[in-house]
Structures are given as structure tokens and as C-alpha cells.
Amino acid sequence: MTDMTFGAAPARDDVESVLARWWRTVDRWSVGAVLALAVIGLVLGLAASVPLAERNGLAPFHYVTRQAAFAAVGLGLMFWLSLQSPAMVRRIGVIGFAGAFAALCLLPFLGTDFGKGAVRWYSLGFASLQPSEFLKPFLVVFCAWLMAAGFERNGPPGKTLSLLVVATAAGLLAMQPDFGQAMLTLTAWGVMYFVAGASLPLLAGLTALTGAAGVFAYTRSEHLARRIDGFLAAEVDPRTQLGYAADAIRQGGYFGVGVGEGSVKTILPDAHTDFIIAVAAEEYGLVLCLFVIALFLLLTLRALARLAHERDHFVRLAGCGLAALIGLQAFVNMGVAVRLLPAKGMTLPFISYGGSSMLAAGIVMGMLLALTRRRPQRDVTDALEGEG
């Protein structure tokens, strides 16, 4: 009768409706933080990558242009994934894990080391692909699916199966060798395992076992032993990357030496990737570094806060694992630069140069935004329980 009297309301366009619903339910603070990190990455890329491009005989803004393209694709992936339902995130994660795991297994036969001593990449001619970057988010989702299945009546031993999966993946990563990524995946899994209800003694036992494996790797790998010895040395060799990075951070002080006035970018071969925070500290000072740290803290803590009241086992476990990934990777990258951790060869998400890193970061945040969106069913359940 109302429609007959006043006329039916005009139907909104489907795309507009989807976007409006996404904007109402997504964590806007996290979206803003990611965009800010991407912009900072481009600004730092202008400073850090120009000297490298000149040394390699390329156009001055070659790497900046490529980073802008990678950022656009990565942010596009993030947006598309953030529109998906938890069920679709699970499907994408399971399929993605199968593909990334297969690519990781084939690396010793088809991969290349680009002269860096570790076979971690596929050469595509126009670009390179690092499977370990894509394995991380998909592995988290896959393990969360296994763990969540274990909570169902007559379900499989999900925690045990997930441990076997992550141990196999970490072993393959360590064989490259890529101990940093192996430890990152194990730690993210440990966070999910704890959230799933693992006892502290069990986690302590697994941590001790991981430590024993690290000691064994130290005695067997010259590459790892060299990095650990350099980290434990009383003084840093000023001619190493850690030495140059530490000097750049000291030179920058609180407000930096000035835009374009830094010198570490002309010395460090990885100034635009692993040690990008040293460029930020030297040219922009402690202020920018603290702002970057605050953005990563915002991403991690906002996600955990929104997951705190989540009842779906898969959403809670996968979300916590993905939040741990983004936060831990940022901590490791910046921790290496200030010598809190041994050198790992790990990028700073959304800021460091690298196609695989940027796309993988977009996948992590896209899935995390999808899992932390406000869903009507959750709000109704909260209201009913509040009334009770």
C-alpha cells in the first residue's frame, strides 16, 4: 500500500550498493593507514632508488615508476579481496596455498638466485616472482581452516595437521636458505595456535624445538652463521650494510639531514628494499620513523580489537595470523636496521621496493580487511546477548 501511495523507492545501482556497504563495514582507519604507507613508500623510493638506477644505467625514476605500478596492483588486490566474504577468503586461501606451495617445491629446479646465493625467485624476464611472499598469507588461511575444522564435532585433528603443514613449509624455506621467512611463518602459526587454545607449556616446548633447529642450522649453514656472528659481534663493521644503516640513523637525529641530502642511499645496495627505513631515518629523522611504526601498530591493533569478539573460529584464527604477519614483518625489518635482530633480508610492507612484496602485502591486508568487516549477523548477535 505504501508503494502504491508514494511509489517504490528507486533501486540503487548494484556496484554503488556494494561500494556503499563496503565503506560502512570496512575498518576505514586501516585503509587510511595502508594508503599512507604506500605514499611514504613512493616518497622514500624517490630518494632511495634514483642512485641505484643511475648505477645500473637506467632512467632516474625507473624503480619509482615500477614501484608505483606495483602499488597500484597491490592496492587493487587489497580492495578486491576486502570485498569478499569469509567463505570466499577461505577458498582463495586454500587454492592460493596449493599454488604457492607447488611453486616453492619447484624452486630448486626452475628458480634462480640472481647472484645472491639463495634460490628464492623465478625469473619472468620482465620481472621476478618470489613464491615465499605469496605463501605466507595463503599458509595462514590454510592453517586457520585446518584448525577451525578441528573444533567441529568429529572433526579432523586440525592443530596437528596444521603443525605438519607449517613445519614442511618452513623446512622448504630454510633449504633456500631463507631462515627469516621460515621463522616468520612459524611465529604467525604460533600466534594462531595460541589463540586456538594451545597450552603455554606446549608452546614453550615447540619454541625450544625451533631453537634447537636454529642451533643446528647455525652449525650447518655458513650463510646463517656469518649473519649471526655479525649480529653478536661487540662492534659493527662500519663497512657492512648494518654499519652503514646504523650510521645513517645516527646522522638523521630527530628531524633528519634534509630531503635528498642523505648519503646512505648511494652506498647501500639494498637501500630501496631491506634498509629503506635507514633512508627514512637519515633524511626525515626519528619523526617519520615513529610515524611509520605508529601506522603498523594501528594496522595490527585495530585488527586484533575487531577480532576480539569474533565467534567464528576460522575468522578469528585467520585474522589473528594475518595481523601477526603484517606486524611481525614490519618489526623484523626495522629491528634489523637498528640491530635488534640479525640481518634477515625481509622487506618493509607497502614501503620497500619489490613487486612480490607489494602484491603479497596487498593480499594480506585485503584478506584481513575482509575478515574484520562488520557483518550484520555479528551485530544482531551482540545486541541479543546484551539484552539477555
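From the list R227, R220, R250, which residue is at pLDDT below 80, among the basic types (K, R) and surrounded by fewer than 17 Cβ atoms within 10 Å (Cβ to Cβ)?
Unique residue meeting the criteria: R220.
Restrict the check to the stretch 159-172 and report whether at least one residue is in a helix (DSSP H, G or I), in contact with a helix residue (DSSP H, G or I) (Cβ under 6 Å, 6 or more places away or on another chain), more than 28 Å from G345 (Cβ to Cβ) and not small (G, A, S).
Yes, because at least one residue in the stretch 159-172 is in a helix (DSSP H, G or I), in contact with a helix residue (DSSP H, G or I) (Cβ under 6 Å, 6 or more places away or on another chain), more than 28 Å from G345 (Cβ to Cβ) and not small (G, A, S).
Please go through (1) closer than 17 Å to A337 by Cα; (2) modelled with pLDDT of 90 or more for L232 and return the number of the only condition it doesn't satisfy.
Just one mismatch for L232, condition (2).
For Y122, only one of the following conditions fails: (1) assigned to a helix (DSSP H, G or I); (2) out of contact with any helix residue (DSSP H, G or I) (no Cβ under 6 Å at 6 or more places or on another chain). What is its number?
Condition (1) is where Y122 drops out.
Determine whether G180 is small (G, A, S), closer than 27 Å to S356 by Cα and touching a residue at least 12 places away in the same chain (Cβ under 8 Å).
On the way: small (G, A, S): yes; closer than 27 Å to S356 by Cα: yes; touching a residue at least 12 places away in the same chain (Cβ under 8 Å): yes.
Taking the combined requirement at face value, the residue satisfies it.
If you go through the stretch 61-80 one residue at a time, do you hit one that is at pLDDT 90 or above, buried (at least 21 other Cβ atoms within 10 Å of the Cβ), more than 30 Å from R374 (Cβ to Cβ) and among the β-branched types (V, I, T)?
Scanning the stretch 61-80 turns up at least one residue that is at pLDDT 90 or above, buried (at least 21 other Cβ atoms within 10 Å of the Cβ), more than 30 Å from R374 (Cβ to Cβ) and among the β-branched types (V, I, T).
Does any residue of the stretch 275-294 turn out to be closer than 15 Å to G335 by Cα, under 25 Å from the mean Cα position of the chain (by Cα) and in a loop (DSSP other than H, G, I, E, B)?
Within the stretch 275-294, one or more residues are closer than 15 Å to G335 by Cα, under 25 Å from the mean Cα position of the chain (by Cα) and in a loop (DSSP other than H, G, I, E, B).
Is it the case, given these coordinates, that G262 is surrounded by fewer than 11 Cβ atoms within 10 Å (Cβ to Cβ) and not hydrophobic (A, V, I, L, M, F, W, C)?
Numbers: surrounded by fewer than 11 Cβ atoms within 10 Å (Cβ to Cβ): no; not hydrophobic (A, V, I, L, M, F, W, C): yes.
Judged against the criteria, G262 is not a match.
Being touching a residue at least 40 places away in the same chain (Cβ under 8 Å) and either in a helix (DSSP H, G or I) or touching a strand residue (DSSP E or B) at 6+ places or on another chain (Cβ under 7 Å) (or both) is the filter here, so list the residues in the stretch 297-312 that pass it.
Filtering the stretch 297-312 down to residues touching a residue at least 40 places away in the same chain (Cβ under 8 Å) leaves 298-299, 302-303, 306-307, 309-312.
Correct list: L298, L299, R302, A303, R306, L307.
Is it the case that some residue within the stretch 33-40 is loosely packed, with under 15 Cβ neighbours inside 10 Å, under 20 Å from G260 (Cβ atoms) and either touching a Ser or Thr at 6+ places or on another chain (Cβ under 9 Å) or modelled with pLDDT of 95 or more (or both)?
yes
Collect the residues in the stretch 95-119 that are assigned to a helix (DSSP H, G or I) and more than 18 Å from L172 (Cβ to Cβ), keeping them in residue-number order.
So the first thing to find is which residues in the stretch 95-119 are assigned to a helix (DSSP H, G or I), and the list is 95-110.
I95 - this is the single residue of the stretch 95-119 that is assigned to a helix (DSSP H, G or I) and more than 18 Å from L172 (Cβ to Cβ).
On the basis of being loosely packed, with under 13 Cβ neighbours inside 10 Å and at pLDDT 90 or above, does R12 make the cut? Even if it seems obvious, please write down each step before you answer.
Working: loosely packed, with under 13 Cβ neighbours inside 10 Å: yes; at pLDDT 90 or above: no.
Here the answer is no, as R12 does not meet what is asked.
Can you pull out the residues in the stretch 103-160 that are among the aliphatic types (A, V, I, L, M) and more than 26 Å from A196 (Cβ to Cβ)? Outline the logic, then answer.
Of all residues in the stretch 103-160, those among the aliphatic types (A, V, I, L, M) come to 103-104, 106-107, 110, 118-119, 124, 127, 129, 135, 139-141, 144, 146-149.
A103, L106, L107, L110, A118, V119, L124, A127, L129, listed by residue number.
The values are calculated or read from the model by the stated rules, or taken from the named source; none is laboratory data. This one's a predicted model, so the numbers in the text were calculated from it and none came from an experiment. Heads up, the Cβs are rebuilt from the backbone with ideal geometry, glycines too, and the neighbour counts pull from every protein chain shown.
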